[in-house]
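Working notes, beginning with the structure itself.
The values are calculated or read from the model by the stated rules, or taken from the named source; none is laboratory data. Computed from a predicted model, the values in this text were never measured in an experiment. Cβ placement follows ideal geometry from the backbone for every residue including glycine, while neighbour counts extend to all protein chains displayed.
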Amino acid sequence: MSNGVEKTQSTTRRAFLGAAAMTAASYQRILGANDRVGIGLIGYGLIGKQHIGDLKKFNDVDILGVCDCYKPRVEEALAFIGDKRTVGYSDFRKMYENKNIQGVIIATPDHWHALLTIMACAAGKDVYVEKPMTLFIDEGKWMIQAARKYNRIVVVGTQRRQGSGVKEAKKLIQSGLLGKIHSVRIGFSRNIYPGFGKTPVENPPADFDYDMWLGPAPKKPYQRHRGIYHFRWFWDYSGGQMTNLGAHLIDQILWIMEAKGPTLAMSTGGRYALEDDGETPDLQDAMWVFPGQGGQPGFVLNCAIREANAMPDTAGRGQVYLGTKGNLVLAGSFQVTSETRWINPENEIPRFLGHPAGGPRYDDTGREPFLPQYAEPQAGRGGRGGAAGGQAGGVASDARYGTGGEDTLAMNKRDWIDCMRSRKRPLCEVEDGHRVSIVMHLANMSLKLGRAVRWDPDKEAVIGDTEAQAMCSKPYRAPWDKELRAIVKV
Ligand SMILES: NC(=O)c1ccc[n+]([C@@H]2O[C@H](COP(=O)([O-])OP(=O)(O)OC[C@H]3O[C@@H](n4cnc5c(N)ncnc54)[C@H](O)[C@@H]3O)[C@@H](O)[C@H]2O)c1
């Protein structure tokens, strides 16, 4: 094989299944502390290029393969990598046969994440798979099956959890300092009105293998937006902004709150404003109920998505944790503010002309902060238009991305490579990605059904709604359904 695009488009099925049928242990040599790690990347797109940029800075890694079904991107990747040993592939199955590649990064659109991970596990590769980890709930169950069956390290690309601000915030919230956290709020807003335009049905570019790009997704006529980058706005390939951005924030919330999953999800929204050819909502509100310990109420999570209005809410693209004694706003770095306590809570009740006989008992006591070491959300009383004056922690960052001060993307890959050697469990792993995906998929299911969905987080099953339960799975298009069933129990 030369340092160029691999010539053979298709691998024979027999050759690949032969590899898949071997145990991971027999296929994969064990990495020693001083061994260099051979990595292959699938999907040299926006984030795939970023991954390659990071890997180039790691001095214990060789980028031995790069695969994309759009040929110009393979060529561009090879030029960017600049290592004669790197092989370009157009068919990932061929790359999975390369025994010198121990780990693969999956940076394709979402509808490929599960199957590529499952097939990589069966081929003895450790996996770094991008967020959102799945397109529908059952895929997460299949991925966990494959990861555990073949004893693979599977890291999910919700890298922001690696940030020091997130770790500090978790400690602080778990210490109970802020009292009972009963609400968490998140939101993503931007204004891209009127949208990205409409793209006509046409023949795919000659050097774009659209059938491979579609993979397990239903066959649909090609439009430019059903392809590079804009796949995010079509239900066949993604869950819209709910899963695109939700994956990052909800991952942090589940981790910080030590929550397994919600018992109820409800969501509404749709295409209210944008005039392009996307399908997923440009406006979506969602609410989830998370249980507490021993049947006690836990917390309620609210999410507001706006694609045609960028007026910032309290959190920007971060998270607001509301507790009985204090608040924490987290977007890479965090700020804590104090709630104030009425010494006599009846003094908070409006007075107007005064209550007739039998009304509240007012006295002269005032208010004091629950947490005197922290400022209130705003000077004096009033709204919650930010946490001005509160105490900050973590690394300063761009609130829109929540990572600015630290390169959490590189940190997450570092964790993956280190765990490939140590075989220890990474910080963001396949079970985490599955739980986060469940939360988001339940909201999208509720949105499509127009009713709330009840969920059992222990049994990981919908309660009392066969239509919703059926939405937890989707068929894969041939021949990919057979590939799936050859490896995991569906
Ligand atoms: N972790 C993060 O912060 C972050 C940031 C951006 C994107 N992402 C995720 O990364 C994924 C990719 O997003 P993107 O914006 O880079 O998309 P993109 O469209 O720019 O790139 C995806 C690439 O995958 C290729 N591809 C698709 N199917 C393939 C297959 N079967 N074999 C080989 N190549 C294939 C496409 O041709 C394309 O070049 C998405 O799931 C997205 O959510 C994560």
Quiz item: Considering V166, V184, which residue is among the β-branched types (V, I, T), in contact with a strand residue (DSSP E or B) (Cβ under 8 Å, 6 or more places away or on another chain) and modelled with pLDDT under 95?
Solution: V166
Quiz item: Taking into account only those residues within the range 87-109 that are buried (at least 24 other Cβ atoms within 10 Å of the Cβ) and part of a helix (DSSP H, G or I), which is farthest from the ligand (Cβ to nearest atom)?
Solution: Y96
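Sort out which residues of the range 50-91 are aromatic (F, W, Y) and under 17 Å from Q102 (Cβ atoms), and write them in order of number. Can you show your working first?
If we filter the range 50-91 for residues that are aromatic (F, W, Y), which is where we start, we get 58, 70, 80, 89.
Of everything in the range 50-91, those that are aromatic (F, W, Y) and under 17 Å from Q102 (Cβ atoms) turn out to be F58, Y89.
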Exercise. Take E376 and decide whether it is charged (D, E, K, R) and closer than 22 Å to S183 by Cα.
Key: yes
Quiz item: R160 passes all but one of (1) of a type outside the set (S, T, N, Q); (2) part of a strand (DSSP E or B); (3) within 14 Å of the ligand (Cβ to nearest atom); which number fails?
Solution: (2)
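Across the range 38-80, which residue is farthest from V129 (Cα to Cα) among those that are basic (K, R) and within 14 Å of the ligand (Cβ to nearest atom)? Can you show your working first?
Step one: list which residues in the range 38-80 are basic (K, R), which gives 49, 56-57, 71, 73.
With within 14 Å of the ligand (Cβ to nearest atom) added as a condition, the list becomes 49, 71, 73.
Details: K49: 14, K71: 22, R73: 19 Å.
For the range 38-80, the residue satisfying everything is K71.
Whether any residue in the range 132-147 is outside any helix (DSSP H, G or I), of a type in the set (F, W, Y) and away from the ligand (no atom under 12 Å from the Cβ) is what I want to check.
Pass one, the range 132-147, residues outside any helix (DSSP H, G or I): 132-136.
Within this subset, residues satisfying the condition of being of a type in the set (F, W, Y) are 136.
Filter once more, so that each one left must be away from the ligand (no atom under 12 Å from the Cβ): 136.
The answer is yes, given that some residue of the range 132-147 is outside any helix (DSSP H, G or I), of a type in the set (F, W, Y) and away from the ligand (no atom under 12 Å from the Cβ).
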Quiz item: What are the pairs, 6+ residues apart or on separate chains, where a residue within the range 190-211 that is within 13 Å of the ligand (Cβ to nearest atom) has its Cβ under 7 Å from a residue that is of a type in the set (D, E, K, R)?
Solution: D207/K71
Quiz prompt | Those residues of the range 163-181 which are surrounded by fewer than 15 Cβ atoms within 10 Å (Cβ to Cβ) and not in a loop (DSSP other than H, G, I, E, B), in sequence order | solution = K171, Q174
